[in-house]
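Asks: I'd like to ask you about the structure that follows.
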Amino acid sequence: MLVWTISTLLLYGVSAFIPNAFTPYITDKDFTHQDLTEQGILLAVAEYFESKPAPGKSTPPTAGSLTGISNLTARKLFDAYYGSYVPETKLQSAIDDIVNYNTRVEHENSAKAAWHFNGEQITQGNDILLRLRSEAFDALNVSQPNYATARHVIGQYLHVLQDFYSNTNWNKINPSSYYSDLGIPGKTLRQVSGPSEDTCKNCGQTLPCLFDPPLLSTTKITSGYRSGQDIVKPSKPTTDTQGKCSHGGKFDTSATTSAAVGGINKETVTADYSPLFQEHGAVADLAIKHTTYFFAGQTNGLRTVFGDGKFEGLLQLHAGVSLCFVIDTSVSTERDAIRQEIQKLISAGSNPYNYILVYTNDGQTSPTVITKTNGNDILTAFGSINIASNRSCTFSISGTEAAATVAEYGSKMYVFSDAVPRNDVTIRYIQAMQSEKDLTISLLLTGQCKQKRSIGNWSILSQTKHAKAKPFHIYHQFLVQKGTHWIRTSHPPTGQRVVLSVRISNPATVLGLHLIEIANFKKPLRKLNRSRIPGIYLTLIDKFPDVENFVIFVEGFDKDGKTFRVKTQEI
């Protein structure tokens, strides 16, 4: 049962907002760091889309038509903006990357008060924000930006930024607006409560602090001290009625051993863990708005500083298909004719996002993959091919697979081959690749080994693209216990107790998931009901099986009630 996992995770608690939607103990009313980050980024992207026409349209969407979408998801946003199916996978992947590094802060820096603005470490927390912002912007401020590094650092930045709202008294100082100067170079911070100032009064023990608000100051910034962190709360007898604020909650011992008794955290909607639980929604809203401001602020926002191009690159917003050419033939006598065919396809005016050339030179064991944004560069690269003329009379799947791996969704692929894929297994594998990424794969025959055909009589063996439902993808994540925290891992140790979470990228296409399989080890899945981030399923594995290179499959029912079995991807 999941009850054991839920109670254990609650036992240790967190330092601020709950990390992510894969955490089993959250409620549908809790805003997690994942919620705050996803919603903040999606609102920034929605604002950007409202400023420019979608491809094929002459006017941009009306103001508020995208930013006003309720329970906004990447899929909903893309449907509303493009009006036809364009995969949101790349954007969601960029968001997931940022979210993953956001939630890592909870494990790697949980005991450091400044990383959570606890213990009145306001200046120190701001210094962390300034450093992280500088690192992220340095990664972007070059001709060839390191977007991955920028996403990783931004994830950490957003965690610290968001914790400011759950852990300080900012919402009492300015309840209607986020703190726009926070984490911005050259800004002077608002005054912080001094070390000898009492900031809280004792508050009630029944429904802690709900009917007896503890905060004394609404002009200077303060925050609560939390047991187990590197900044210790100044000790005062509990008989005193005033003192420094505690973080508070059931497992913060400082909240009951030193005045002021109680606490001020707003990280959950549960009274036992958040003394000011009733303010959770309000501070979450401020955190989301500040997250959006980081990306889209008119003066200091990332898009303003670096422009639309790098904003798109960071969040992988480009939409388009690839035009792929796979050379699986002895081209010594057919090079010119193949080049002419490639040139004709490039000149057809399809204007793809990129061009991909895949080939295997003589002596190579794996294909070479070349990606270009200019078709002429692909023609130039074609001249470097040096394939042996004595290739075996069999169809090779490796080049096609390599192209399918890097191609954008909905791409077109042309495979130049001496041989027809006659093996049923090979044919089914090609069909599976087509289905997974909605590809059109055309096999252009340069000849059939001994029975050479003239170049003018090439035939298209397969040019298949069926009308199909919008695809979905399923991601998995393992959580294992390490000390007082649950952390992600790619491969749990044998015998370890593990929480396995899976998420559907497009939940509207699936009725439900019911089973997960790891190396013939099967477990039922249980749905986690969350409206903001739907499509989350969980299971508890008491002892992880002794397997090495495992593949995870999930079984469920699609929207038509048909059973499916698909391989998951690690989030």
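The values are calculated or read from the model by the stated rules, or taken from the named source; none is laboratory data. Note that this is a predicted model, so its numbers are computed, not measured. All Cβ positions, even for glycine, are placed from backbone atoms using ideal geometry, and neighbour counts span all protein chains on display. With ligands, DNA and RNA removed, areas are computed over all heavy atoms of the protein, side chains included. Shrake-Rupley method; radii C 1.70, N 1.55, O 1.52, S 1.80 Å.
Asks: When only residues in region 90-129 that are hydrophobic (A, V, I, L, M, F, W, C) and not in a helix (DSSP H, G or I) count, which is nearest to Ser180 (Cα to Cα)? I'd like the intermediate steps shown before the answer.
Replies: As a first pass, look at region 90-129 and keep what is hydrophobic (A, V, I, L, M, F, W, C): 91, 94-95, 98-99, 105, 111, 113-115, 117, 122, 128-129.
So of that shortlist, the ones also not in a helix (DSSP H, G or I) come out as 111, 117.
On the way: Ala111: 26, Phe117: 16 Å.
Across region 90-129, the extreme among qualifying residues is Phe117.
Asks: Can you say whether Thr365 is modelled with pLDDT of 80 or more and either closer than 25 Å to Gly183 by Cα or assigned to a loop (DSSP other than H, G, I, E, B) (or both), as far as the supplied structure shows? So that I can check it myself, show each step before the final result.
Replies: Values: modelled with pLDDT of 80 or more: no; either closer than 25 Å to Gly183 by Cα or assigned to a loop (DSSP other than H, G, I, E, B) (or both): yes.
Spelling it out, it is not the case that Thr365 is modelled with pLDDT of 80 or more and either closer than 25 Å to Gly183 by Cα or assigned to a loop (DSSP other than H, G, I, E, B) (or both).
Asks: Could you tell me which residue of region 535-559 is modelled with the lowest pLDDT, considering only residues that are surrounded by 19 or more Cβ atoms within 10 Å (Cβ to Cβ) and assigned to a loop (DSSP other than H, G, I, E, B)?
Replies: Per the stated criteria, the residue is Gly535.
Asks: Specify which of the listed residues (Gly186, Gly125, Gly155) is more than 21 Å from Arg226 (Cα to Cα) and either of a type in the set (A, V, I, L, M) or open to solvent by less than 10 Å² (accessible area, probe 1.4 Å) (or both).
Replies: When all the criteria are applied, what remains is Gly155.
Asks: Do you know which of the residues in region 217-229 that are at pLDDT 90 or above and closer than 17 Å to Ile173 by Cα is most open to solvent (accessible area, probe 1.4 Å)?
Replies: Just the residues of region 217-229 that are at pLDDT 90 or above, to begin with: 219-229.
Those left that are additionally closer than 17 Å to Ile173 by Cα: 219-224.
Working: Thr219: 87, Lys220: 47, Ile221: 0, Thr222: 0, Ser223: 0, Gly224: 1 Å².
This residue is Thr219.
Asks: Right, something else. Give just the number: which of (1) surrounded by fewer than 22 Cβ atoms within 10 Å (Cβ to Cβ); (2) under 30 Å from Ile154 (Cβ atoms) does Ala287 not satisfy?
Replies: Only one criterion is unmet by Ala287, namely (1).
Asks: In the set Ile184, Ile128, Ile154, which member is under 28 Å from Ile487 (Cβ atoms), among the β-branched types (Val, Ile, Thr), out of contact with any Phe, Trp or Tyr (no Cβ under 7 Å at 6 or more places or on another chain) and at pLDDT 95 or above?
Replies: Numbers: Ile184 fails: under 28 Å from Ile487 (Cβ atoms); Ile128 fails: out of contact with any Phe, Trp or Tyr (no Cβ under 7 Å at 6 or more places or on another chain).
After ruling out the rest, the residue left standing is Ile154.
Asks: Return a yes/no flag: does region 290-309 have any residue that is within 30 Å of Thr368 (Cβ to Cβ) and either under 21 Å from the mean Cα position of the chain (by Cα) or in a helix (DSSP H, G or I) (or both). Talk me through it step by step, then tell me what you get.
Replies: First pass over region 290-309, keeping only residues within 30 Å of Thr368 (Cβ to Cβ): 309.
If we keep only those that are either under 21 Å from the mean Cα position of the chain (by Cα) or in a helix (DSSP H, G or I) (or both) too, we end up with 309.
Taking every residue of region 290-309 in turn, at least one turns out to be within 30 Å of Thr368 (Cβ to Cβ) and either under 21 Å from the mean Cα position of the chain (by Cα) or in a helix (DSSP H, G or I) (or both).
Asks: Moving on to the next point. Of everything in region 82-114 that's touching a helix residue (DSSP H, G or I) at 6+ places or on another chain (Cβ under 6 Å) and hydrophobic (A, V, I, L, M, F, W, C), which residue is nearest to Ser246 (Cα to Cα)?
Replies: For region 82-114, the residue satisfying everything is Ala114.
Asks: So which residues in region 255-276 are surrounded by fewer than 24 Cβ atoms within 10 Å (Cβ to Cβ) and either under 31 Å from the mean Cα position of the chain (by Cα) or not in a loop (DSSP other than H, G, I, E, B) (or both)? Step through it out loud before you land on a result.
Replies: Applying the first criterion (surrounded by fewer than 24 Cβ atoms within 10 Å (Cβ to Cβ)) to region 255-276 yields 256-259, 269-273.
Selection gives Thr256, Thr257, Val269, Thr270, Ala271, Asp272, Tyr273.
Asks: OK, next. Can you find, within region 44-89, the residue that is nearest to Lys437 (Cα to Cα) among those that are open to solvent by 40 Å² or more (accessible area, probe 1.4 Å) and part of a helix (DSSP H, G or I)?
Replies: Asp79
Asks: Right, something else. Does Asn174 satisfy the criteria of being under 22 Å from His280 (Cα atoms), open to solvent by 30 Å² or more (accessible area, probe 1.4 Å) and without any contact (Cβ under 8 Å) to a residue 60 or more places away in the chain?
Replies: Taking the combined requirement at face value, the residue satisfies it.
Asks: Can I ask one more? Tell me the residue from Lys562, Lys523, Lys543 that is among the charged types (D, E, K, R) and in contact with a strand residue (DSSP E or B) (Cβ under 6 Å, 6 or more places away or on another chain), please.
Replies: After ruling out the rest, the residue left standing is Lys523.
Asks: Across region 104-122, what is the number of residues that are at negative phi and open to solvent by less than 70 Å² (accessible area, probe 1.4 Å)? Steps first, please.
Replies: Initial filter on region 104-122 (at negative phi): 104-116, 118, 121-122.
Of the ones still in play, those that are also open to solvent by less than 70 Å² (accessible area, probe 1.4 Å) are 105-107, 109-111, 113-116, 118, 121-122.
Total meeting the criteria: 13.
Asks: If you don't mind, another one. Could you please find all residues in region 189-204 being open to solvent by less than 50 Å² (accessible area, probe 1.4 Å) and either among the polar types (S, T, N, Q) or touching a residue at least 60 places away in the same chain (Cβ under 8 Å) (or both)? Spell out how you get there, then give the answer.
Replies: Applying the first criterion (open to solvent by less than 50 Å² (accessible area, probe 1.4 Å)) to region 189-204 yields 189, 192-194, 199-200, 202-204.
Correct list: Leu189, Val192, Ser193, Thr199, Cys200, Asn202, Cys203.
Asks: For Leu357, indicate whether it is of a type in the set (A, V, I, L, M, F, W, C), at pLDDT 85 or above and more than 18 Å from Thr440 (Cβ to Cβ).
Replies: On the way: of a type in the set (A, V, I, L, M, F, W, C): yes; at pLDDT 85 or above: yes; more than 18 Å from Thr440 (Cβ to Cβ): no.
Spelling it out, it is not the case that Leu357 is of a type in the set (A, V, I, L, M, F, W, C), at pLDDT 85 or above and more than 18 Å from Thr440 (Cβ to Cβ).
One line per residue, one yes/no per condition, for (1) out of contact with any Ser or Thr (no Cβ under 9 Å at 6 or more places or on another chain); (2) modelled with pLDDT under 95; (3) open to solvent by 20 Å² or more (accessible area, probe 1.4 Å):
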position	(1), (2), (3)
Phe294	yes, no, no
Gln298	no, yes, yes
Gly301	no, no, no
Gly307	yes, no, yes
Gln316	no, yes, yes
Ala319	yes, yes, yes
Leu323	no, yes, no
